[in-house]
Amino acid sequence: MKLLHCADLHLDAKMTSTLDKERAKERKAELLHTFQDMISYATNHDICHILICGDLFDTKNISASARNMVSSEIEKHPNITFYYLRGNHDTDNFLSGLDVVPDNLKLFSHSWTSYVVENSDIVISGMELAEDNAKSAYHTLVLDSDKMNIVMLHGQESETGAKDKAEVIHLRELHNKGIDYLALGHIHAYKREKLDGRGVYCYSGCLEGRGFDECGEHGFIVLDVDEEKKTITDIFVPFAKRNLYTVYVDVTGCNSSVEMAEKIRQDLTNGQYRHEDLLKIVLTGALDVACEKNTNYLLSVFLGDYYFVKLYDETTLRVDVEDFQYDESLKGEFVRTVLSADEMPQEEKAAVIRLGLQILNNEEVSL
Amino acid sequence: MRLLNCHIENFGKLHDFSMDFSAGCNTICQENGFGKSTLASFIRVMFYGFLGESKRNNLENERKRYQPWQGGIYGGSLSFEVGERQYCLRRVFHDKVQNDEFELRNQKTNLISTDYTERIGEELFGVNQESFIRTVYIGQNDMVTSATDDINAKIGNLTDDTNDLNRFEEADKKLTDYINALSPKRKTGAIYKFKEEASALHTQIRALQGIEDSITQQMELMEQKRDEIAHLKEEQSAISKKQEEASKKKDIQAKKEIYEHLCQELLMKEKEVTDCEKKLHDSLPDKNVLDEMSIKQKQSEELYAKIQLTQLQENEILRINELKNLFQNESDPKAIISEMSARWNERNTKKSTLLMKKSTLATLISYKEADKRRQTEAARKRFWQRLIVGVILLFAGIGIVGFYMAMKASFSSSGTLSTTDTSFGNAGLLITGVIIAVAGIISTLLAFLQKSRNNQSVSMPEELENLEKEIRDDEEQIQNTDMTIKTYFTDKGLTFLESDVQSELQKLLSYVVEYEQLLEKEQKSSVHGAELENYDRMQEEIGAFLHQFEMDVTPADYAKSIVDLKEKVSAKKGAVDAAKKNYTECLQKKEQFEKEYPAAMLMSETKDDLESLEELNRRFNQNAETLENLYQTARDYEQRLEGLREQNDSLNELEKQLANLNQTISEQKLLYDRLKYTQDFLKQAKESMTQKYVAPLKNSFLQYYEVVVPKRDKEYYMDANADITVLECGMQHETTFLSAGYQDLIGLCLRFAFADAMYPNEKPMLILDDPLANLDAEKIAGGKNLLQELSKNYQVIYFTCHDTRR
């Protein structure tokens, strides 16, 4: 029997933190499409159970289109049972908006709720963590060790158990409870670790990255349960339509924008990023103060190659004092004057020197 | 460097003008209007080109100003010496600089020289035109000067090395432009504009800031409506249940009503049965009695009929008398008629076979004659055939025997044939011949025998005669029968007609039957007295019976009355049966009903505390309407929420724009500050550079000044920008506070000081256009001395219009 574990879909997320209004709208729609595609994947791969471990929606103000799409998808697939455990972003608004809760939508509450998968030994249990049940959650969990136990939770993992507040999952407290697979949500990157001698815990990560704090591949986990052997095999399936990557490019030694563009291109080619991906290129390294660098030009070079590109300049300027020590020109006098200035940070001095040299070299300054 | 000569084709008012220049001081003293300033400008323009090319004002735009008055192209040539090389520079000016012609030739070789380009002034003197004007070229009333970048750079001897000090002003201007372009205070400044934009965005954001609260409120309203909907749905559900209960109650009530109705109906049916039975028993006789009466009536009727049958009627008496006349002499008239009928039938049969027999006889006679002819012919043919065959066989047998005899005689005579060899063959031949001859004889005999037999068979047959006899007997018998019947018919008064005989006999036979019946009835009518009494008694009983039921009718109507009574009884009985049937059906219905519905339900008490179904329906419909309105309101809220969400998205977008704008502003502000720092540091650097040559420049200035004014009357200072200040009343003041004469003097000395500092080796020519015009007489003398002093190191081209300054 196959099950699908996903979480943190954050449908209806605004997506404006990185993108402009039009692309944000496009990505918002893509989130919904990816959710639909995930259900189609389940249908095509004989998966009859989808575990949604929280944060299905991003905001309490769920748009009508998102709500209708989700409820329609659930109703359109009566052969798939959806186990929806609400996360810290989810509210009652989706459920209260439904006239009737479909039979194939299984819900959880602040106390442990278990569902036995029909004609099998698989038991799916879950609890929506909150302040009122955070302490009791662990000792109230009673599982039959003879069954295949899948437990759903949403929260931040904590191995130490030091913190005692809602939405923290104390993994140590879940040791030796008979859990075969702990399906988690909240952390937006895929993670798989051993829970105890018997089971594992997995964060599926989000379905689509929304910002450059969610870089890398995203998708869901497919569980293959062998009831005879009493084993669960979990495989991460990359499924995001677009991935986000932060690419650090060290341009030390480059003396012009052309050289820097070449270095960036080299690094991007090595990274094998897809045309539909979103990239944040960060320039690093120390550049000579007299070097020519035009970030607008550099951005324009790669803008059309990917769905979205932004460029951050984190390079530092290197000023070689000896180069100007005996320079009797105005340029030399200027550099010496700036360097001798008190109460100005070195980085600022470098920036001023660079500006002065640009002006004296008759270069354009990007305003 | 020095000028050698010049030739002006056309330039301003000068036309075809030539002049040679010597080393030292070249004084050109001409009256006003000669064209001294034009000549001075010509020399400058030959090196640098025109000033004010883009100006509209003719005075400021030199290209227009120096166009020949008579029109046409203009220009000229200028020969000069640099080091040991002599050049001839030629320019022809047109309407615009692109069309101007430039030519430089080596004076000695007369070959085109590429040592200098069209920018020969800058290349030769190392300064731009502006600096040239401020140093070695002193135009009329243009004495005051200050150090330009080029001057500074030239003075600092930095031009050849890095050539960047002369970029200071350009860089400073560029920085100023950048700073102005970014300025947060100027309306055209980017930061100012961004701040304005940010302020507008901020205003828009403030206008939208309540949107979150609005969404929350709208959500709360939405929740309220959803709660109301849920509450109303629950209420509807409760009403539905009540409706169900009420409906059930109504059903039970209906069933109970039906049951009660059935019970009442059953009672009624039972009463109907009783009434019908009572009516039946009270007003009508018992069925058995009635049946007895009916039988009695039937018996009396039969008795009456019987009595009636035994009495001969009048017509019957007449008839029997008629028939007696016909048949009283015959003992058995039926047998006689039957015999007559049989004989007539036999007679008819014979008559019909007689014709056939006659026909057969005629046929037989014709057959006999034909057969006789045919037999005669055939016998004749057979006779001749057998005779011929017999004769042939006879002759053949004789021939064979003869041949045998001949053969035997021949062999016997020759003795060639042994007996042993021929005995068998000869005997066979002889026997064959004999047999054939015998066969021929037999055939001939048979032919004659058959011929004689045929002659005997042609004689009259016996059967033909018998047939003729039979025919004669039959005809006789028919005639006898006809005679007998004719006689009988005549006795009975009937006419004999062959075609009517059979029907007349049948009619007589029916008369006989009728006659016998009438005779029998005549015999029976004598026995009827006891039966008649019995008949009267029965009639009385029936009459008395009918009287009991108020049916006083004549005996003739007894039967009908009894039938009526029977019908009435039957009808009443039918009514009783129908009533009983209805009762049974009703009872069955009731029992079936009791089976279908439990007695507890049918006997239960009806609760009146439940609302009526109508009331519940009314409430349900009312709630449904309210629910629909609530759904509509919820949909409206949803739409409003969508609108608010869009506005919220706009707010987010605006906030993002504002954040980006603020980020841009801080970046621009940082850049702005850096640009200002850069400008400040660049100025400091420039001042630091110029400070190095201020002291020698000041010394040179004072040296020249003291040539004009031997006893220095004022204290002069020079700053790092080579600007002169004068000490007056203990304070340094700008020289603009001094008189025009002093200003000219200071400017003149400073120019020469610049020239000294700028050109330590190759000295350029000095073009002075009446520089002493503003000086008093004492200082003019000093000025002249100054010129003399200068001419030791420089070629001086000095223009003046007055002899006192010559």
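Just so you know, all these numbers are worked out from the coordinates, no wet-lab data involved. Computed from a predicted model, the values in this text were never measured in an experiment. For neighbour counting, all protein chains shown are included, and Cβ atoms are generated from backbone atoms with ideal geometry for every residue, glycine included.
Take residue B:623 and residue B:206, extend 7 Å from each Cα along the Cα→Cβ direction, and tell me the distance between the two endpoints in nm.
Inter-label distance under the simple model: 5.1 nm.
If I model a spin label at residue B:492 and residue B:788 as a point 7 Å from the Cα along the Cα→Cβ vector, what separation in nanometres do I get?
It works out to 22.1 nm between the two label points.
Place a point 7 Å from the Cα of residue A:318 along the Cα-to-Cβ direction; which residues of segment A:270-312 have their backbone N under 14 Å from it?
Zone members listed by number: A:284-292.
Given a Förster radius of 22 Å and the C-beta distance between residue B:600 and residue B:247 as r, what FRET efficiency does 1/(1 + (r/R0)^6) yield to the nearest 0.05?
Computed FRET efficiency for residue B:600 and residue B:247: 0.70.
Find, among the trypsin sites (Lys or Arg not before Pro) in segment B:601-670, those assigned to loop by DSSP (not H, G, I, E, B) with at most 15 other beta-carbon atoms within 10 angstrom.
Loop-located and lightly packed - B:607.
State the three equivalent ellipsoid semi-axes of segment B:714-806, derived from the C-alpha gyration tensor as the square roots of 5 times its eigenvalues, in descending order and whole Å.
Over the Cα atoms of segment B:714-806, the ellipsoid semi-axes are 24, 19, 9 Å.
Subtracting the Cα-Cα distance from 0.36 nm times the residue separation, let me have the gained length for residue B:56 to residue B:589 in nm, one decimal.
Extra length available between residue B:56 and residue B:589 comes to 179.2 nm.
Quick one: work out the % antiparallel among DSSP beta bridges in the protein assembly as shown, nearest 5.
Taking every DSSP beta bridge within the protein assembly as shown, about 50 percent pair in antiparallel fashion.
Computed over the Cα atoms of the protein assembly as shown, what is the ratio Rg over Rh, Rh following Kirkwood?
1.56
Between residue B:27 and residue B:516, what length in nm is gained on full extension when 0.36 nm per residue of separation is reduced by their alpha carbon distance?
155.0 nm
On alpha-carbon atoms, Rg over Rh for chain A using Kirkwood Rh?
Dividing the radius of gyration by the Kirkwood radius yields 1.13.
Give the order of B:215, B:336, B:317 when sorted by the count of other beta carbons within 10 angstrom, beginning with the fewest.
Result, fewest neighbours first: B:317, B:336, B:215.
Under a 5 Å amide H to amide H cut-off, with H placed in plane at 1.01 Å, what residues pair with residue A:317 once short-range neighbours are removed?
Residues meeting the criterion, in which the H sits 1.01 Å from N, are A:287.
Given a Förster distance of 45 Å, report the FRET efficiency between residue B:556 and residue B:329 from their Cβ-Cβ distance, rounded to the nearest 0.05.
0.45
Which of the pairs B:287/B:568; B:381/B:451; B:298/B:560; A:331/B:763; B:278/B:581; A:135/A:194 have their Cα atoms more than 20 Å apart in this structure?
Too far apart for the 20 Å limit: A:331/B:763; A:135/A:194.
Within 10 Å of each residue's Cβ, count the other Cβ atoms and sort B:353, B:736 from fewest upward.
Exposure proxy ranking, most exposed first: B:736, B:353.
Could you work out the per residue convex hull volume over the alpha carbons of chain B, in cubic angstrom?
That works out to 1048 Å³ per residue.
Straight-line reach only, C-alpha to C-alpha below 25 angstrom: list the lysines that residue B:55 could link to, leaving out same-chain residues fewer than 8 apart.
Candidates past the 8-residue exclusion: B:13, B:36, B:64, B:96, B:173, B:174.
Go from 0 up to the bin containing the longest alpha carbon distance in segment A:244-360, width 10 Å each, and give me the % of pairs per bin.
Final binned percentages: 13, 40, 25, 15, 6, 0.
Going by amide H atoms built from the backbone, whose H comes under 5 Å of the H on residue A:49, apart from near neighbours?
Here the answer is A:4, A:81, since their amide H atoms fall under 5 Å of that of residue A:49.
Can you give the average number of partner chain beta-carbon atoms within 10 Å of each beta-carbon in peptide A:358-366, as a whole number?
Taking all residues of A:358-366 together, the mean is 5.
Net charge around residue A:4, counting only other residues with Cβ within less than 15 Å of its Cβ (Lys, Arg = +1; Asp, Glu = -1)?
-4
I'd like to compare B:371-378, B:189-196, B:678-685, A:41-48: which one has the highest average count of other Cβ atoms within 10 Å, and what's the full order after that?
B:678-685, B:189-196, A:41-48, B:371-378
For a label point 7 Å from the Cα of residue B:97 along Cα→C-beta, name the residues of segment B:44-60 whose backbone N is under 17 Å from it.
B:44-57, B:60
To the nearest 0.05, how large is the calculated FRET efficiency for residue A:364 and residue A:235 if R₀ is 45 Å and r is the Cβ-Cβ distance?
0.25
Once the other residues with Cβ under 13 Å from the Cβ of residue B:73 are scored (Lys, Arg +1; Asp, Glu -1), what is the net sum?
Neighbour charge sum, excluding residue B:73 itself: 0.
Going 7 Å from the Cα of residue B:227 along its beta-carbon direction, which residues of segment A:84-119 have the amide nitrogen within less than 19 Å of the resulting point?
A:91-99
If each residue of separation counts as 0.36 nm, what is the full-extension length gain between residue B:706 and residue B:642 once their alpha-carbon separation is subtracted?
Here the answer is 14.1 nm.
Across peptide A:59-66, what mean number of C-beta atoms from other chains lies inside 10 Å of a residue's C-beta?
For this peptide, the per-residue mean of nearby foreign Cβ atoms is 4.
Segment B:209-247: which trypsin sites (Lys or Arg not before Pro) are DSSP loop and have at most 11 other beta-carbon atoms within 10 angstrom?
Answer in residue order: no site qualifies.
Would you calculate, for the protein assembly as shown, the mean residue ellipticity at 222 nm contributed by helices, counting each DSSP H stretch of 4 or more residues as -39,500 (n - 2.57) and dividing by all residues, to the nearest 500?
-19500 deg cm²/dmol, from helical runs alone.
If you take all C-alpha pairs in segment B:319-520, what percent of them are over 30 Å apart?
Counting every Cα pair in segment B:319-520, those more than 30 Å apart make up 62 percent.
Pull up the cross-link candidates among the lysines for residue B:351, meaning alpha carbon to alpha carbon under 24 Å and not fewer than 8 places away within one chain.
B:469, B:486, B:507
Within 13 Å, Cβ to Cβ, of residue B:273, how many net charges do the neighbouring residues add up to if Lys/Arg are +1 and Asp/Glu are -1?
+1
Using 7 Å Cα-to-Cβ label points, what is the residue B:396/residue B:110 separation (nm, one decimal)?
17.8
Return the whole-Å distance between the Cα centroid of segment B:775-806 and the Cα centroid of segment B:176-250.
A separation of 88 Å, based on Cα centres.
Need the list of aspartates and glutamates near residue A:230 for cross-linking: C-alpha distance under 15 angstrom, and skip anything on the same chain fewer than eight residues off.
A:121, A:144, A:146, A:180
Based only on other Cβ atoms within 10 Å, what is the fewest-to-most ordering of A:184, B:387?
Arranged by neighbour count, lowest to highest, A:184, B:387 become B:387, A:184.
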